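Notes follow the structure.
The values are calculated or read from the model by the stated rules, or taken from the named source; none is laboratory data. Keep in mind the model is a prediction, meaning the values are calculated, not measured. Neighbour counts are summed over all protein chains in view; Cβ atoms, including those assigned to glycine, are modelled from backbone coordinates with ideal geometry.
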Amino acid sequence: MTSRNVTRFRPAPRRQGEPLFLFDARRPTQPASAAMIDQVITHADIAVRLSGGRLKLRLSSGMIEELQAQGRFDDSAHRLADLTVVWDEHEGQVVNVRDDARLRDAAQRWSALDALWDEESYEPEHAMRSAAA
């Protein structure tokens, strides 16, 4: 006699495409080019020393605006503020590049919605009355 477990086989779940994300944070963007990475390494004004002789390099928005005013960057240079480059000083090469453009875009789209829930609207009514008196 066979056991119940053996006679009940479930079909394998079908794999579907990439799920739709609630916050649309995985929207396709233009990937960082080698020229963009080189510009971040050359003009980085934010450098954080990491372990193993590595540096985390970034460009601030203020530095990008300053370089645009000097004519060194074009109008699309604000995209460089999304890039973080980890540079190995001993090897003299790029270890990792992180691109936060998708997160920045999602944060901008949801900022208006977040503003609806300000902290003042959650204060108890008696606290608001005592402040008004």
Positions within the range 51-72 being within 15 Å of residue 100 (Cβ to Cβ) and not charged (D, E, K, R), in sequence order: 57, 59, 60, 61, 64
Hits in the range 86-119 - residues which are loosely packed, with under 11 Cβ neighbours inside 10 Å and at pLDDT below 90: 108, 111, 112, 113, 114, 115, 116, 117, 118, 119
Candidates 23, 9 - the one that is modelled with pLDDT under 90 and either over 22 Å from the mean Cα position of the chain (by Cα) or within 17 Å of residue 99 (Cα to Cα) (or both): 9
Residue 50 vs. criteria surrounded by 10 or more Cβ atoms within 10 Å (Cβ to Cβ), hydrophobic (A, V, I, L, M, F, W, C), touching an Asp or Glu at 6+ places or on another chain (Cβ under 7 Å) and modelled with pLDDT of 90 or more: no
